[in-house]
Amino acid sequence: MMLAAATHRPASIVNIGCGYAIRIDFEYQHYLLAVNAEGILADQPDAAALWRVALFKESDSAEAPDQLIVTAESSWLVDAFDLAFAEVKATGQWPSADLAFGSFNPAVT
């Protein structure tokens, strides 16, 4: 629910082969995956498990893997989310049109 509220987009649970992840889809074939336990989404994670948020750009080809843009980890999902978007904005690898509408403008304070 936090990711859906922060991004103003629906969040879904998706199967990633080895388990599940939270997914948010953005414009221009970009998406976010969030996991909290060794690369999967666990409902009873170990207290030491970190949240990992990864931002991707979908490949134009079915044979090519999606491009990992940035990944960030933190004990709290919201902190990992903020770190990932701070890094992606700093590198300029996020489509500027996505931020132009004003509905989603991540800021790290």
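None of the figures in this text is laboratory data; all of them are computed from the coordinates on show. Bear in mind that the values here come from a model prediction, so they are computed numbers and not experimental data. All Cβ positions, even for glycine, are placed from backbone atoms using ideal geometry, and neighbour counts span all protein chains on display.
Remarks
- Ala64-Ala42 FRET efficiency (beta carbon distance; Förster radius 25 Å; 0.05 resolution): 0.25
- Cα shape, the range 9-91, gyration tensor, a/c 1.5 rule: oblate
- Alpha-carbon centroids, the range 1-32 and the range 69-93: separation in whole Å: 14 Å
- Full-extension gain in nm, Met1 to Ser74, via 0.36 nm per residue minus C-alpha separation: 24.5 nm
- Working ranking of peptides 26-32, 1-7 by packing, defined as the average number of other Cβ atoms within 10 Å per residue, highest first, is 26-32, 1-7.
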